[in-house]
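What follows is a short report on a single structure.
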Amino acid sequence: MKKLFTLLLTSVIVINSFAQDKPAVSSEKNVIKVNALSLLLGTGSLFYEHKFSDNISGQLGVAYMGFKYKDTKFSGLILTPECRFYPKKNAIDGMYIAPYLRYQNFTLQSGDNKGTLSTMGGGLLFGRQWITNSGFTMDLFFGGHYSGSKVKVTSGTDTFNSDLFSGFGVRVGFALGIAF
């Protein structure tokens, strides 16, 4: 964990030093990025952000997750729309606050038991996004969320525990991408 924190801190310092010559408001209007931290957890996560004004942007995240927890295999889709507010009117290149919604839909399998799990929730993120002169983008964010879940058994008798996806949780990310 110390190595990851050191890597993130070093990246922030390096990116910040390259981004200092940019104008106060970024001329780019779009960003495509991948969450590097989610890749460590077996999730492929892609984001598209669009600048609507100098202080507001919208972002849509699409992810696919496949992992095994105890004896249960999870695989499925995650959709995360969010609205980002940049208080210093430097949309897509600065500090932001972002309320978001999250929908997850997974298939479950444990032995001969099969089912589906769907969750709906939302939360609030705090973050900082940097764009270098070449358009390279780094987005560091963290926040909390709350979600509720519903499990439906499609075959077998297992009740599948959905506690892992319900209640309060933390959302952390480090996305890398390109602005255009």
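From the list Gly44, Gly66, Gly76, Gly111, the lone residue that is at pLDDT 85 or above, surrounded by 15 or more Cβ atoms within 10 Å (Cβ to Cβ) and not basic (Lys, Arg) is Gly76. Screening Leu39 on (1) part of a strand (DSSP E or B); (2) touching a Ser or Thr at 6+ places or on another chain (Cβ under 9 Å); (3) within 29 Å of Asn133 (Cβ to Cβ) shows it passes everything except condition (1).
Residues in region 135-180 that are polar (S, T, N, Q) and either at pLDDT below 95 or in contact with an Asp or Glu (Cβ under 9 Å, 6 or more places away or on another chain) (or both): Thr137, Ser149, Thr154, Ser155, Thr157, Thr159, Asn161, Ser162, Ser166.
Taking region 42-76 as the range and being part of a strand (DSSP E or B), under 19 Å from Met95 (Cβ atoms) and among the polar types (S, T, N, Q) as the test, the residues that pass are Ser57, Gln59. Residues in region 16-36 that are at pLDDT 80 or above, over 13 Å from Gln59 (Cα atoms) and assigned to a loop (DSSP other than H, G, I, E, B): Ser27, Glu28. Residues in region 150-161 include at least one that is without any contact (Cβ under 8 Å) to a residue 40 or more places away in the chain and outside any loop (DSSP other than H, G, I, E, B).
The values are calculated or read from the model by the stated rules, or taken from the named source; none is laboratory data. All values reported here derive from a predicted model rather than from experimental measurement. Note that each Cβ is placed from the backbone with ideal geometry, even for glycine, and that neighbours are counted across all protein chains shown.
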